[in-house]
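All remarks here apply to the structure that follows.
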Amino acid sequence: MQVVKKSGEGLSRNYGVKVPAKELGAALDARIAEILPTLNLKGFRPGKVPQAHVRRLYGKALMGEVIEKTLSETSQKVLADNKLRIAMQPDLKPLSDMAQVIAGREDLSYDLEVEVMPEFDPIDVAKLKLTRLVYAPPQAELDEAMAELVAQNRTYEPRVGKGAKARQGDQLAIDFIGRINGEPFEGGAADDAELVLGTGQFIPGFEEQLEGAAAGDDVVVKVAFPSDYTAERLAGKSAVFDVKVKVVRAPKAAKADDALAQRLGLTDLAALKAAVRQSIEGRYQEASRFKLKRALLDTLDGKHRIPLPPRMVEAEFEGIWSQVEKEKSEGQDSPEDAGKSDEELRGDYHQIAERRVRLGLVLAEIGRRENVTVTDAELSDAMRAEAMRYGDQAQQMFDLLRQNANAQTQIRAPLYEEKVVDLILGRATVKERAVSKEELLKEDELPEGFGHDHDHDHNHDHGDHHHHGHAHGAARSKARAPVKSAAKTKAPKSVAPQSAKVRAPAKLKAAKSKASKPKA
């Protein structure tokens, strides 16, 4: 093999590589000799097929294998011999006539184009000074949260008396079938759907027409799907639903006691209160960490002006831009983007791509120098947590993740980032400053939809440089069609909850009674 360095400007390297036809021929002979003992061809005894015959039959295919292996091995040797830390997979550009190479009449020549990681010294993180905003919820807020949780877990009992009428707050069990222009439509029917009147669970106008109905009543509900309904085939269309009211149940207030705690999977009321406190305080802590991490990333971004691998930036930009275009086509583009030309938007998002790449390089270099790693156990735990999002299919998803190297890379990346961030915060000087809840959760300082996953930064200040979207699997009842369409929020993907509004702690959710949450 002959290697010539053709260019080496900036972060780009270009090497010319030539492998003589004689070497390829020798490799082909070795490959034929390797498979000869395994061949069983008609007219020849096993293992006695002449090498020339094998070359005539399989020479081109085997030479293809030899060339592919040679390209891989020689390119890796070039990288190793030159001690290159590559930023992305290199490009191999053949210069030879491959038909002639396969025929053994021409040397294998190609250019190896590589972008390398920039060499730089990151700042001394021990000299960083940061401020962590903290908020401690008062007892009154915890009491309010407990009261809300109690209300969320009320039970229902049938209204007694002939002709008991449904009213706001009642839970109805209904069968329904919807029609548009007299024809049933997909997703427009359900049996035994549960609906709490006044929750806005179904499309506007649906629930109101069931007020005053009694068990056994047949009600014709006439509604129009919102113009921005998520199912475009239904958006803006008028529909008629034939509804059978089967049961009307009145709410029965729950009490904050040991029985409620046990119904939610905990031992007693004290454990429930502790879980609620932990949940609420945890959400404020997540908001606090989000702002601290963003302040750290802003600082790192401002203190490092390093050359960026162009292909890495372009790859990051293309990933962002494809998501922007997808959302624009779905009418979900960001208000901040309104009125801007594509040229302006591309410029904005290109800056975001540069920021992400720069921060990725800085964090990676700090982590490399500090020997930060993600252990197999940590990766396995993260894959298991991701798989659990798929409910009954969790085991199948976990098995798929274990077999998919690319998926593991996407899961490993944010784990690595968080470990590096933790390391930096552990060495930096971090002072705490008590603030109000309003300041901690100030909307102009938190991403819209705080708590949801997203694939690019609409705030133009998000520092998370990794792509790690999550698939959210949610159980849907047959009654999906008339269910109110939820507004889709946009937010960076590695941030925490939207607010500190009380929600049942995760370990409580699975234990909630059926009556506490309608299906539809």
Between T199 and residues 5 or more places away or on another chain, the pairs with built amide H atoms under 5 Å apart involve none
Can you work out the Karplus-derived ³J(HN,Hα) for every residue in region 377-388? Use 6.51 cos²θ - 1.76 cosθ + 1.60 with θ = phi - 60°, whole Hz, and x for glycine or proline. 5, 5, 5, 4, 4, 5, 5, 5, 4, 5, 5, 5
Please list H53, H304 in order of solvent-accessible area, largest first, computed with a 1.4 Å probe with all protein chains present. H53, H304
Extension gain (nm, one decimal) between E344 and Q152, 0.36 nm per residue minus Cα-Cα: 64.5 nm
If R0 is 41 Å, what FRET efficiency do you get for D298 and A80 from their C-beta distance, rounded to 0.05? 0.65
How about region 113-192: which trypsin sites (Lys or Arg not before Pro) there lie in a loop by DSSP and see at most 16 other Cβ atoms within 10 Å? K162, K165, R167
In Å², nearest 10: area of D107 left accessible to a 1.4 Å probe: 50
Multiply the residue separation of V220 and K93 by 0.36 nm, subtract the distance between their alpha-carbon atoms, and state the gained length in nm to one decimal. 38.9 nm
Cross-link table K18/K69; K127/K419; K5/K303; K222/K244, entries beyond 26 Å C-alpha to C-alpha: K5/K303
Table column - 3J(HN,Hα) (Hz), region 192-201, Karplus curve with 6.51, -1.76, 1.60, x for Gly and Pro: 6, 6, 9, 9, 9, 5, x, 8, x, 6
Once you have a ≥ b ≥ c as the square roots of the Cα gyration tensor eigenvalues for region 117-182, tell me rounded if a/c is under 1.5, and otherwise prolate or oblate according to whether a/b is larger than b/c. oblate
Taking Lys and Arg as +1 and Asp and Glu as -1, residues besides E157 with C-beta under 12 Å from its C-beta add up to +3
Pairwise centroid distance, computed over Cα atoms, of region 75-146 with region 238-298, Å: 41
5 Å is the cut-off here: which amide hydrogens, built 1.01 Å from N in the peptide plane, fall below it relative to Y156, excluding neighbours closer than 5 in sequence? K252
Could you work out what % of the accessible surface of region 1-92 is carbon and sulfur, using a 1.4 angstrom probe and leaving DNA, RNA and ligands out of the count? 52
5 Å is the cut-off here: which amide hydrogens, built 1.01 Å from N in the peptide plane, fall below it relative to L128, excluding neighbours closer than 5 in sequence? T429
Which ³J(HN,Hα) values, rounded to whole Hz and listed in residue order, are derived for region 117-122 from phi using the Karplus coefficients 6.51, -1.76 and 1.60 in 6.51 cos²θ - 1.76 cosθ + 1.60 with θ = phi - 60°, glycine and proline given as x? 5, x, 8, 7, 9, x
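Measure off, as a whole percent, the carbon and sulfur share of the 1.4 Å-probe accessible area of region 170-255, all protein chains present.
Details: 1930 of 4020 Å².
About 48 percent, which is the carbon plus sulfur part of the accessible surface.
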Loop-resident sites, region 11-114, for trypsin sites (Lys or Arg not before Pro), counting at most 13 other Cβ within 10 Å (DSSP): K42, K48, K83, R85, R105
Shape call, region 313-402: gyration tensor on alpha carbons, a/c limit 1.5: oblate
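The values are calculated or read from the model by the stated rules, or taken from the named source; none is laboratory data. Nothing here was measured: the structure is a model prediction, and the numbers come from that model. Counting neighbours? That spans all protein chains shown, and the Cβs are built from the backbone with ideal geometry, glycine included. Areas reflect the complete protein model, heavy atoms only, side chains present, ligands, DNA and RNA absent. Shrake-Rupley method; radii C 1.70, N 1.55, O 1.52, S 1.80 Å.
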